[in-house]
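To keep things clear, I will list the structure first and then write my remarks on it.
Taken together, the values in this text are just the output of simple stated rules run on the coordinates, not laboratory data. Source: prediction; values computed, not measured. Cβ placement follows ideal geometry from the backbone for every residue including glycine, while neighbour counts extend to all protein chains displayed.
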Amino acid sequence: MRCVIARFPFDLTRDGVLESMRGVKPEPVTDDLVIVGRRRYPAKQVGQVITGQDRRDFSTA
């Protein structure tokens, strides 16, 4: 899947996201969430981990 975050394009794959999030402990979910594998993560945490972007640079809208 191709997406643009903070004006930077990323090509994401299921396997790539799963690999990036392996071993990452989910933070408490207070807003939008993403399910990766069987875990629920805040959407911004996943965005930051898989893209390397600062989570303040993008929204989940």
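Taken about its Cα centre, the chain carries a charge dipole of roughly 140 debye when the Cβ of each Lys and Arg holds +1 and the Cβ of each Asp and Glu holds -1. For VAL34, the amide hydrogen comes within under 5 Å of the amide hydrogens of TYR41, ALA43, counting only partners 5 or more places away or on other chains and with H modelled in the peptide plane.
Each of THR51, THR60, THR30 was scored by other Cβ atoms within 10 Å of its Cβ. Listed from fewest to most, they are THR30, THR60, THR51.
Our coupling estimate for segment 47-54, obtained by passing each phi through the Karplus curve with A = 6.51, B = -1.76, C = 1.60 and θ = phi - 60°, is x, 5, 5, 7, 10, x, 6, 6 Hz, Gly and Pro reported as x.
The trypsin sites (Lys or Arg not before Pro) of segment 1-57 that meet both conditions, a loop assignment by DSSP and at most 16 other Cβ atoms within 10 Å of the site Cβ, are ARG7, ARG22, ARG38.
Taking Lys and Arg as +1 and Asp and Glu as -1, the other residues whose beta-carbon sits under 12 Å from that of PHE58 total +1.
Summing +1 for each Lys or Arg and -1 for each Asp or Glu, what net charge is found among the other residues whose Cβ lies under 12 Å from the Cβ of LEU33? Local net charge: 0. Here the sum of -39500 (n - 2.57) over DSSP H runs of 4 or more residues, divided by the residues of the chain, equals -7500 deg cm²/dmol at 222 nm, to the nearest 500.
Normalised by the number of residues in the chain, the mean separation of alpha-carbon contacts (under 8 Å, six or more apart) gives a relative contact order of 26 percent.
In order along segment 18-35, the phi-based Karplus estimate (6.51 cos²θ - 1.76 cosθ + 1.60, θ = phi - 60°) of 3J(HN,Hα) comes to 4, 5, 5, 8, 4, x, 8, 7, x, 7, x, 8, 10, 9, 5, 10, 10, 9 Hz; Gly and Pro are listed as x.
Taking the centroid of alpha carbons for each part, segment 43-61 and segment 1-21 are 11 Å apart. Cβ-to-Cβ counts within 10 Å put VAL34, VAL24, VAL46, VAL4 in ascending order as VAL4, VAL24, VAL34, VAL46, the fewest first.
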